[in-house]
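The values are calculated or read from the model by the stated rules, or taken from the named source; none is laboratory data. All values derive from a computational prediction rather than experimental measurement. Cβ placement follows ideal geometry from the backbone for every residue including glycine, while neighbour counts extend to all protein chains displayed. Ligands, DNA and RNA are stripped out before the accessible areas are found, and what is left, the full protein with its side chains, is counted by its heavy atoms. Shrake-Rupley method; radii C 1.70, N 1.55, O 1.52, S 1.80 Å.
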Amino acid sequence: MLDEDVSALFSHAMPKHEIGALRFLQEHPEYDGRGVKICIFDTGVDPGAAGLQVTTDGKPKIIDIIDCTGSGDVDTSRVEKADADGCIAGASGRKLQLNSGWKNPTGEWRVGCKHVYGLVSRGLVGRLKEERKRKWEETQRGAIAEAVAALAKFDKDTPASKLGSDPEAKKERAELEARVVALKDLAKSYEDPGPLIDAVVWHDGAAWRAALDTSSLHPPGSGAGALADFVPLTNYADEHKYGTFSELDACNFVLNILDGGRTLSVVVDCGAHGTHVAGITAAHFPEDPGSNGIAPGAQIISCKIGDTRLGSMETGTGVVRGLIAARQHGAHLINMSYGEPTTTPNAGRFIELATELVRKHNVIFVASAGNAGPALTTVGAPGGTSSALFGVGAYVSPQLAAAGHSVLEAPAEGLQYNWSSRGPTADGHTGVAFSAPGGAIAPVPQWTQQRRQLMNGTSMSSPNACGGIALLLSGLLATGGAVAPHRLRRALENTATPLGGSAPDAVLTYGRGLIQIDAAWEYLMADGVPPAAASPTAAGPWYEVEATCAEGRGPRGRGIYMREPHESAKPQSYRVSVTPKLNEDAATSARLDVEDRLVLEPSVPWVSCPPALMVHSAGRSFDVLVDPSRLPPGLHYGEVVAYEVEARARGPLFRLPVTLIKPLAVPLAATAYGAAAAAAATAAAGGNGSSGSSSGSSSSSTNVGTVSLGPLSFTAGSEFRAFVAVPPGATWAEMTLRAGPYDTPKLYLLRGTQLRPDSSYRQHELRTQVTLSGGSEYNTSWEVVGACTLELTLAQFWTSAGASQLETVELSFYGLELGAEGGSGSRPGTDLALDGSELARKVLVTAPAWSRATRIRAEAKLTHLNIPLRPSDSSLEPLTAARDALTEGRVVYRLLLTYKTTVGEAGKYKPCLPLINHQIYDSPLESQLLLVSDGATRQLLSTQDAGPEPVTLKKGSEVVLRLALRHDSQEVLDKMRALPLVLKRVLDGSGVAVPVYASRRDAILAAGGAGGAPAGDMLLRAGDVAPLWLGPLSEDRLPKDATPGRLLTGTLTLGQLKRGGGAAPHKFRISYLVPPAPAASAASGGGNGNGGGKDDAAAERTPEEKLSEAVRDAQIKLLKDLKLSDAPQAALYDKLLSELTSAHPGHLPLLTEHLKKLDGREAAVRNTAAGLAAVVAAADAVIGAVDAAALAAFYGVKGGDDTPEYRRTKKDMDERKGALVDALARKATALMEAEELVAEEQKKQEKGAAAAPAAAEAKPEAQEGEAAPQEGEPAAAVPAEVTAAAPEVKPAAAPDAVGACMQELRKWVDTATEAPHLLLHARVEARAMRYAAALKALDKLLGSDDKAATGAAARRDISDMKAKLYAALGWGHWEAQERELQAVRFPKDLPPM
């Protein structure tokens, strides 16, 4: 191939000629997008990407870059003042040096901080983590080598005899060995929280400015990334400047200052997708025109709607703010290469606002149709489901396949990508408006480390079409023509190149075909474009069409869609309304001018309609008859087309799409029921239900519930679809594919799709792909809905070259029906709600009358516990920021709901809002956002939107869930202040098994503990009914947090697969209401049945003794409540303590309470030499009051008989042991802290002594009459009052005092393993410089449920201690990581909403 041929070939990697864009530009080179502003709703656009710098006429390519999601928001409301050195305290806690050249008239510096990993895309996070870990591992290997060397040196220098006889040597070696083990174990738990950057915002007198300190992204000590070296940025729209975090990441960002400096928006793309889309639309390469986007002269506005916190998932807030930004920036076009399945097409708050933008403000909205094909009705919202948007399908030409995809064998002619979504929508609209090339090699962000990249999808076809439309708009703007979205749509649809031939799914696949920009321009010029200055109504009306079934409730929609078996069983009549629509502020005269004389023509003989219709502004209605009686099974498509009588050449003004499906009937059993169904199936037979080049037929086999659709032939990209009426009562399907004899493996897409009201296609869909070699077999199964049409779609993937055959395509249906009855068998039920109070629930399992024999094996499991929550707090506020400002003075309100709980068990918890979850575009609310945080530390645990995700929580964790709902109706949100939230915990293991019995007798025996026989396997014939009893469920098998009234949910599996064995995919949903807890046994504790202990002792005391003890206990309780920080209360405390000590000497509860009181005083008092000495003295008093020898004697022998006397003695001994252990632990802690005080004071004195000679040398000689300080006198530099007020530091405890105390403590508890003492053990080990042993104890503590590891302050203290231990060991890389983790785990505030 010649070089020029290769160059021409690669130009097809940015496809333009397919849509006539090159021809248009050759004729009109100046209409290359100039003057057109395009909003890119996507993941964000890299301002430094190739081809996105300038337009063809030298203007900035990117007008503005906006984060509409708020994921990059930094709270900069905190104000700092610079110190004398020009430094401020950053929000991270770091000291930041300001640049002396920065102007700040007010002197107010606003600070905030943000983790880099919370700003950049997950792909970049992965690369950064790999690079950072590589560098970290270098340091880690060095640390391990040093630790191993130290151990080896010890072994070399220490004789074995000494190791055996010297306990200290043995401990030293154990510590060295533990350090090696610790380093290796730590590497397994390595966690990179990412760098933390500081942000500073200020006003320089003319504009807001911002700077970042990115030093944490650079090598330590390099000085790079310092705040003072940052070139300040202002809002991108003002100066079009951006920054780069570091050379390592090559990630560009922009800064926007919002809310008067209180919020800094750090805008970073959350993926390469948005830059790629922008490049297709409008990239400009002056040096390489062949790589240009479709409209290189256009400018773009980047609206980031993908939320970085959600991994680039769009949010309602993001897309609505995008609409606001489009309006504020005067955008002409929007491209949105995003979308989701929807339950209700053309409905939802976002759809309303987007339609308003299109209809009232003439903004053209282009969007991807979706990538969920090749099954029908898979178009996504908003592009494929909304009337006001242009939904674009994805087409691949032979040239694009060769140049872009580099396929081995390019298709002979263009075709639709198999994954491109298909229409119609659930309400009958075609869904796909038209198609455009769906792949390109286009620019990507610099952080990807490449200039361009191949991507494909309707995400690429949409910007291709958008760029083409921008060419048309450029021409209209240049010639002064008006921009009317509906006229452009009509021009594009009526001039598109039809694709798919006469196939019934052609329009549903390609829309009107492949758009042709040059032909659309000619159409517009011939049609007559009104001037831009003309009235908004000069472009004429657009038409809203709605069809309603005349019989019964029937479907209502923008087209006619007859899919289910009953809908195609007979002719159906529809009432169709047509309403011309003008701008809402159109004058009456303009409405009077609407009088369209239309010719109505059906495109197929099985659709009938009137021949003519005159339509005025109020609209008209007419009837349409659809007669499927003579049609064969399969897909059929037709239209009612409306032309103007005087201007048929303009093409249709509107179309009413009619999609009709006649499903194949399934052979049923020869029962009375089955015979009638079989007769109906025979009457309906007569076609193969296929589309494309493949064939299929209804089986004439006697196999019950089975249809055979093979053999089928395929080529690359070919598709087969069949429609089957699933028998009533069927609950699952099994399918077998057997490949014919072909050479190379082939990739097949397999879809099994059913539609249900108010549900998206994803809720009832088999979606998989399989690679089959010649002669191989594949079996699969999936859940189905009975009496509902199933579309089975098979496609050989378009890049899977060569011909293939599927010799067998067999689809079989099976079913089991379930009816529930109450526990008595007399109260019928409608679901499987089990009430634990009823013990058991009877259910009836029925095999449908048409089915073959079905084997069942009952297995019931409860898998989730529902924990309902109500908001503990709510606030409703208007959002007045510019980015939230709707038109016409409308205000968006935000309802913030706060839920709080403490989880009783560790596990995965999913926060669910069943009513509003799983809705984005079809939601009546603008948005929902849920932040899950640790209630103690404020650490952000999860960010969620419409789709609930599980969050892992520890036992005893405090959780705060904050839900933000947005809408412009204050009344709507106010009614939702008490919205419940359900926290669903996934039960451990496989859940809780619910016993299933075959008879009531077995269930009763099981309830009585006699062990009834569980139900075994059963074989049900057609029509058989079998009873089963679910429960009783033993109380001790319930989770501990399944408190009375809570609901457990799970599934009941019955059917068994015919092929391959195992449980059928269909599961019945069950729930279990936890009954009231059983009353405690009156005889618990044995003996005399009085419960033991307290009552035994009370029976032997006189009333006078009881009164004296009650008074004493009340006084001790008062001591506990008194505050020692209050002088009068402290005096009362001393008086009471003295009286009680005199009256009850050695009373252990009194001594214990006094110890706790002193040990719990405020730090300023307790953490002094005197305060710690008081704690030690109080601990000694407790220790002295306990007879340790008596305790040892009691616990050293086997427990006696369970008598009242033994129980009383044991209780007393347990209390004394607990008091002794607590006192010893507190004493050891206080002794160590006293040692630390002395050490700190000694350091201060040594530092002062070192500074004294230098001060003496610098001091001038004493003047006459001035006495110089003599030796031993305090220096004059220290004020006398300070010296006098300094607290006296008492001598430290004897060096072995702590050791002796710990030795005594370890007689009673194992401090190295028992959670309440692990922190003390770690401190003791650290004191002995056994740092690795201390770390081991701390890690064990953090893994426990002990309260010492659950509180925020305790966890922070443990983290600080670990960091200090790492520093003491010389493991700086671990110390640095621990400090970085602290910023994530212990934020100062909850994250902003």
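Annotations for the structure displayed:
- When all protein chains stay in place and ligands, DNA and RNA are ignored, the 1.4 Å accessible-area order of M1393, M14, largest first, is M1393, M14.
- For the stretch 614-665, applying the loop criterion from DSSP together with a ceiling of 16 other beta carbons within 10 Å to the GluC sites (Glu not before Pro) yields E646.
- Value in Å of the Kirkwood radius, where the stretch 580-660 supplies the Cα pairs that are averaged: 14.3
- Of the solvent-accessible surface of the stretch 354-436, computed with a 1.4 Å probe over protein heavy atoms with every protein chain present, carbon and sulfur atoms account for 48 percent.
- Rolling a 1.4 Å probe over the protein heavy atoms leaves R452 with an accessible area of roughly 80 Å².
- Sparse packing (at most 12 other Cβ atoms within 10 Å of the Cβ) combined with a DSSP loop state is found for the following trypsin sites (Lys or Arg not before Pro) in the stretch 47-90: K81.
- Sites listed here are trypsin sites (Lys or Arg not before Pro) in the stretch 861-904 whose DSSP assignment is loop and whose Cβ has at most 11 other Cβ atoms within 10 Å: R890.
- Where K1157, K129 fall by accessible area, highest first, once all protein chains stay in place (1.4 Å): K129, K1157
- Given charges at beta-carbon only (K, R positive; D, E negative), |dipole| of the stretch 497-589 in Debye: 400
- The heavy atoms of D1187 offer some 90 square angstrom of accessible surface to a 1.4 angstrom probe.
- Whichever aspartates and glutamates have a C-alpha closer than 14 Å to that of K241, once near sequence neighbours (fewer than 8 apart) are set aside: D46, D64
- For K129, a cut-off of 22 angstrom between C-alpha atoms picks up these lysines, skipping any fewer than 8 places away in its own chain: K114, K184, K188.
- Radius of gyration and Dmax over the Cα atoms of the chain, both given in Å: 39.2, 131
- Put simply, when 1326-1339, 32-45 are sorted by average Cβ atoms within 10 angstrom per residue, most first, you get 32-45, 1326-1339.
- Reachable aspartates and glutamates, given that their alpha-carbon falls under 20 Å from the alpha-carbon of K1157 and they are not under 8 places away in the same chain: D1113, D1121, D1126, D1134, E1139, D1180, E1215, D1222, E1233
- Heavy-atom accessible area with a 1.4 Å probe sorts W1374, W102, largest first, into W102, W1374.
- Local electrostatic count, L772, Cβ distance below 14 Å [Lys/Arg +1, Asp/Glu -1]: -1
- Checked against a 28 Å cut-off, the cross-linked pairs K37/K581; K861/K954; K1156/K1243; K1340/K1364; K95/K304; K1211/K1307 give Cα-Cα distances beyond that limit for K1156/K1243; K95/K304.
- Once C-alpha pairs closer than 8 Å and six or more residues apart are averaged by separation and normalised to the residue number of the chain, the relative contact order reads 8 percent.
- The stretch 801-955: C-alpha pair distances exceeding 18 Å, %: 77
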